[in-house]
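J.: Okay, handing you the structure first.
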């Protein structure tokens, strides 16, 4: 298996546990979320396979290198610009959402702007590093945090407070027609492969079939735990009343013999670094696409203009957004992202097939 590929997949799956995917799935638990989750698995696998097969035709190259000598410069600018916007928004939603979580559950008295500035300093430093170093940073974070996150999930699955009856009750709505909003949220769990547009520079050789089998099982496990465990702890109706179902679920767990008894503090501590690296990966992709679009003597100036836009948008989002507005925006953004992602991948797959031929 290629570990770099799996790192990107696992990172995206882990970050979606705490932000908006659980809330959306639980909201439509009686209206097609269960069938949407099941359908999302083959859709996510298919999109992953198509994109990986297409980009594998250009080994150790990202999109900037693939389109370096294209004659259609306007098409390149539009193509790269649209992807930059979506990857930036993906990181921005994660950033603003997690800042709201920290402010709500850790220190409500501290202004959000202070926490946001601390995160922005780290993110801006990381995204300017070479792609290889960003991957090393991701590897270290996952190596330290993933076993502990899996331990917390294990504690949740073996807890006496987990009601399997509530989970089975929601499961009885399997034959409801799939809900589009739930489907868009569920397929986003698999979207870590899209960062290969830059991180393919580090992928040596073709991806083996075992990588894609791992994606299926990881996606199935992630969607099951993300969707059903909060329902098992809070009930099929109670879980829908929570703004952040998994944060409240972590707060329901206790480690009796641990120096820190309340799991929520450990859970948020682990996710601080995971959130930092997830945002950095998305914004690094956006920044590298920008650098690949404009290769001229003013590229550094343009880079800092874009970084300034990143910072200003983040500050505006942190100061003027609220939880309800962010949730509503995320629902619509996930649907637009789903259509955009499918379109881009199909076009790129057909183009790569024709180009190689």
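The values are calculated or read from the model by the stated rules, or taken from the named source; none is laboratory data. What you see is a predicted model; the values in this text were computed from it and never measured. Neighbour counts run over all protein chains shown; Cβ positions are idealised from the backbone, glycine included.
J.: Could you tell me whether any residue of the stretch 43-59 is in contact with a helix residue (DSSP H, G or I) (Cβ under 6 Å, 6 or more places away or on another chain), in contact (Cβ under 8 Å) with a residue 24 or more places away in the chain and not in a helix (DSSP H, G or I)?
T.: yes
J.: Right, next: If you go through the stretch 323-346, how many residues are out of contact with any helix residue (DSSP H, G or I) (no Cβ under 9 Å at 6 or more places or on another chain) and closer than 19 Å to residue 63 by Cα?
T.: So the count comes out to 1.
J.: Does residue 38 satisfy being at pLDDT 90 or above, at negative phi and out of contact with any strand residue (DSSP E or B) (no Cβ under 7 Å at 6 or more places or on another chain)? Steps first, please.
T.: Numbers: at pLDDT 90 or above: yes; at negative phi: yes; out of contact with any strand residue (DSSP E or B) (no Cβ under 7 Å at 6 or more places or on another chain): yes.
So residue 38 fits the description; yes.
J.: So, in the stretch 243-269, of the ones that are over 17 Å from residue 161 (Cα atoms) and outside any helix (DSSP H, G or I), which residue ends up nearest to the chain's Cα centre (by Cα)?
T.: 244
J.: Please enumerate the residues belonging to the stretch 173-206 that are crowded, with 24+ Cβ neighbours inside 10 Å and not in a helix (DSSP H, G or I).
T.: Scanning the stretch 173-206 gives 189, 190.
J.: Checking the structure you have, find out if any residue of the stretch 236-252 is surrounded by fewer than 16 Cβ atoms within 10 Å (Cβ to Cβ) and in contact with a helix residue (DSSP H, G or I) (Cβ under 7 Å, 6 or more places away or on another chain).
T.: yes
J.: Of all residues in the stretch 83-132, which are surrounded by 14 or more Cβ atoms within 10 Å (Cβ to Cβ), out of contact with any helix residue (DSSP H, G or I) (no Cβ under 7 Å at 6 or more places or on another chain) and part of a helix (DSSP H, G or I)?
T.: 104, 117, listed by residue number.
J.: Shifting gears a bit: Give the stretch 65-80 a look and list any residue that's surrounded by fewer than 17 Cβ atoms within 10 Å (Cβ to Cβ), in contact with a helix residue (DSSP H, G or I) (Cβ under 7 Å, 6 or more places away or on another chain) and in contact (Cβ under 8 Å) with a residue 60 or more places away in the chain, or say none.
T.: Selection gives 77 alone.
J.: Kindly indicate whether any position in the stretch 158-166 is part of a helix (DSSP H, G or I), in contact with a helix residue (DSSP H, G or I) (Cβ under 9 Å, 6 or more places away or on another chain), buried (at least 16 other Cβ atoms within 10 Å of the Cβ) and touching a residue at least 24 places away in the same chain (Cβ under 8 Å).
T.: Yes, there is a match, as at least one residue in the stretch 158-166 is part of a helix (DSSP H, G or I), in contact with a helix residue (DSSP H, G or I) (Cβ under 9 Å, 6 or more places away or on another chain), buried (at least 16 other Cβ atoms within 10 Å of the Cβ) and touching a residue at least 24 places away in the same chain (Cβ under 8 Å).
J.: Quick one: is residue 190 without any contact (Cβ under 8 Å) to a residue 12 or more places away in the chain and within 17 Å of the chain's Cα centre (by Cα)? Can you show your working first?
T.: Details: without any contact (Cβ under 8 Å) to a residue 12 or more places away in the chain: no; within 17 Å of the chain's Cα centre (by Cα): yes.
Spelling it out, it is not the case that residue 190 is without any contact (Cβ under 8 Å) to a residue 12 or more places away in the chain and within 17 Å of the chain's Cα centre (by Cα).
J.: With the structure loaded, tell me whether residue 304 is buried (at least 16 other Cβ atoms within 10 Å of the Cβ) and closer than 28 Å to residue 111 by Cα or whether it fails that test.
T.: The answer is no for residue 304.
J.: Also: How many of the residues in the stretch 307-350 are in contact (Cβ under 8 Å) with a residue 60 or more places away in the chain and either in a helix (DSSP H, G or I) or over 27 Å from residue 27 (Cα atoms) (or both)?
T.: 28
J.: Can residue 266 be described as surrounded by fewer than 19 Cβ atoms within 10 Å (Cβ to Cβ), out of contact with any helix residue (DSSP H, G or I) (no Cβ under 6 Å at 6 or more places or on another chain) and farther than 30 Å from residue 71 by Cβ?
T.: No, not satisfied.
J.: Ok, one more. With the structure loaded, tell me whether residue 235 is in contact (Cβ under 8 Å) with a residue 40 or more places away in the chain and closer than 30 Å to residue 60 by Cα or whether it fails that test.
T.: Answer is no for this residue.
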